[in-house]
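Here is the structure we will look at, set down as structure tokens.
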Amino acid sequence: MIYYGRQDINQADIDEVVKVLQSDFLTQGPVLERFEQRIAGYCGVKYAVAVTNATSALHIACEAAGLGEGDMLWTTPNTFVASANCARYCGADVDFVDIDDNTYNMSTDELEKKLINSTVKPKIVVPVHFSGQPCDMEKIKELAVKYNFKIIEDASHALGAEYKETKVGSCRYSDMTVFSFHPVKIITTGEGGMIVTNNEELYKKLLLLRCHSITRDEKMLSKKSDGPWYYEQTGLGYNYRMTDMQAALGCSQMDRLDEFVARRRYLADRYNKLLQNISGKLPYQDKNVKSSWHLYVMRLDFTKIKISKKELFAEMKKRGITLNLHYIPVHLQPYYKALGFKQGDFPVSERYYAEAFTLPLYYRLTDVQQANIVSALEEVLS
């Protein structure tokens with residue numbers, strides 16, 4: 001079976017994890033800090049905070065930015081639910097900005113229009129770099145300055161991507177950026193996430209929130225320390241710590257990050273050529289970006305062909321190929337419909353959902369397998 005995505009683990013990865021298992025620290029040890037430094041150095045950013053997953057990263061990024069009850073967060077409907085749920089964890093409200101019909105990222109035209117017309121402005125906007133293609137961050141930053149909101153980039157798909165010759169994660173156009181290390185992402189730590197920022201105040205808040213808001217720092221204590229064992233809880237934090245075992249895997253995977261991204265770009269370019277005979281919409285790439293190609297999404301107008309999307313998925317699976325769909329628009333999930341959202345609210349995202357499907361794309365996908373995928377797709381659609 002060819003799945004839409006999968007991790008690539010080699011012996012070097014295994015060896016690094018075993019080293020941690022044989023060491024003194026399985027968590028809160030030196031390897032975690034090393035992984036944070038690797039990510040920060042790669043992105044060209046000052047600070048990095050590793051956590052359990054990208055969902056917890058989004059959560060504490062919102063908290064560190066001061067999001068709370070009565071506040072508003074805006075994101076895109078075309079994302080995993082975590083990009084919106086992070087606001088709800090903080091007691092804040094959520095609204096959405098429809099996508100651009102070419103990039104499938106948040107439309108900056110729609111964002112500007114919504115900012116002009118909305119009486120309730122967002123405290124935070126979460127643009128999502130869908131499939132690894134960065135959003136138009138320069139424009140979003142201009143709007144953030146004008147309308148006074150903070151920006152948290154959801155770059156769960158986009159480690160290794162570039163925007164205007166700058167690595168995603170540099171935080172040149174944002175307050176914080178979040179990455180995911182789930183097994184199907186560009187690199188993996190099993191589960192895991194990272195928040196990067198250039199803001200020292202936010203960095204210190206993130207460190208506290210990651211670990212129950214507990215500190216031994218004498219400058220932060222409410223009284224003189226009782227002794228070397230003494231600590232204080234300064235607020236309500238969480239246990240969002242990444243283990244050193246996961247960090248060791250992450251460090252080892254970072255050795256091959258550029259190789260992973262190069263292979264994905266090669267396969268995406270090859271899909272573009274192999275799929276020319278199919279009457280569908282292939283991914284668009286903005287001239288200012290270099291995608292990390294987490295996903296390869298194709299669109300078909302199923303109202304004009306003999307097969308439904310459900311039938312397409314079933315027929316491809318019979319041929320040993322698993323397709324996927326990214327994403328069901330968040331505002332159509334029952335939880336968000338109960339908050340008042342409805343069909344028709346974000347028509348571009350809804351039309352995209354009706355037409356889109358994700359083809360297999362991962363580091364070990366061979367040229368032969370890729371050719372077989374395209375041949376199977378042609379057969380099913382013929």
Which pairs in the list LYS114/LYS150; LYS113/LYS139; LYS141/LYS185; LYS304/LYS342; LYS164/LYS204 are over 20 Å apart, alpha-carbon to alpha-carbon?
-> LYS141/LYS185; LYS304/LYS342; LYS164/LYS204
Among DSSP beta bridges lying fully in segment 104-233, give the percent that are antiparallel, nearest 5.
-> 55 percent
At ASP301 and VAL368, where each label point lies 7 Å from the Cα along Cα→Cβ, what is the point-to-point distance in nanometres?
-> 3.9 nm
Does the chain come out rounded, prolate or oblate, given a ≥ b ≥ c as the square roots of the eigenvalues of its C-alpha gyration tensor, rounded meaning a/c under 1.5 and, failing that, prolate meaning a/b above b/c?
-> oblate
For the chain, averaging the sequence separation of alpha carbon pairs under 8 Å that lie six or more residues apart and dividing by its residue count, the contact order in percent is 23 percent
Local electrostatic count, MET72, Cβ distance below 14 Å [Lys/Arg +1, Asp/Glu -1] | +1
Please compute the net charge surrounding LEU361, taking Lys and Arg as +1 and Asp and Glu as -1 over other residues with Cβ under 14 Å from its Cβ.
-> +4
PHE260, PHE341, reordered so the largest accessible area comes first (probe 1.4 Å) = PHE341, PHE260
For segment 218-359, averaging the sequence separation of alpha carbon pairs under 8 Å that lie six or more residues apart and dividing by its residue count, the contact order in percent is 21 percent
Degrees separating the helix 257-274 axis from the principal Cα axis of the chain, which is the longest one = 20 degrees
Convex hull projection area averaged over all views, segment 119-248, Cα basis, nm² = 10.6 nm²
Pulled fully out, how much extra length does the chain show between VAL145 and SER118, if you take 0.36 nm times their separation in residues and subtract their Cα-Cα distance?
-> 8.1 nm
Among the listed pairs LYS146/LYS337; LYS273/LYS309; LYS121/LYS337, which are separated by more than 28 Å between their Cα atoms?
-> LYS146/LYS337
Work through the residues other than ALA54 whose Cβ is under 11 Å from its Cβ and net out their charges, Lys, Arg +1 and Asp, Glu -1.
-> -1
Quick one: what are the phi-derived ³J(HN,Hα) couplings along segment 163-173, Karplus 6.51/-1.76/1.60 with θ = phi - 60°, whole Hz, x for glycine and proline?
-> 10, 6, 6, 10, 5, 4, x, 5, 6, 5, 10
Between the modelled labels at GLU201 and ALA314 (7 Å from Cα along Cα→Cβ) the distance in nm is 5.8 nm
Correct response: the longest run of the chain lacking exposed GluC sites (Glu not before Pro), defined by DSSP loop and at most 14 other Cβ within 10 Å, is 166-382
How far apart, in nm, are the 7 Å Cα→Cβ label points at TYR231 and GLU165?
-> 4.6 nm
Computed FRET efficiency, Cβ-Cβ of VAL18 and LYS46, R0 35 Å: what is it to the nearest 0.05?
-> 0.65
Coarse-grained scattering of segment 71-150 at q = 0.16, 0.24 Å⁻¹, given as base-10 log I(q)/I(0) from a Debye sum over alpha-carbon atoms = -0.53, -1.21
Overall Cα dimensions of segment 1-84 - principal axes, largest extent first, Å | 49, 39, 24
Which shape class, rounded, prolate or oblate, goes with segment 155-214 when its Cα gyration tensor gives a ≥ b ≥ c as root eigenvalues, a/c under 1.5 marks rounded, and past that a/b bigger than b/c marks prolate?
-> oblate
Taking a probe of 1.4 Å, how large is the accessible area per residue of segment 104-228, in Å²?
-> 42 Å²
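The values are calculated or read from the model by the stated rules, or taken from the named source; none is laboratory data. No experiment lies behind these values; they were computed from the predicted model shown. When we count neighbours, we look across all protein chains shown, and the Cβ atoms used for this are built from the backbone with ideal geometry, even at glycine. These area figures cover heavy atoms from the full protein model, side chains too; ligands, DNA and RNA do not enter into them. Shrake-Rupley method; radii C 1.70, N 1.55, O 1.52, S 1.80 Å.
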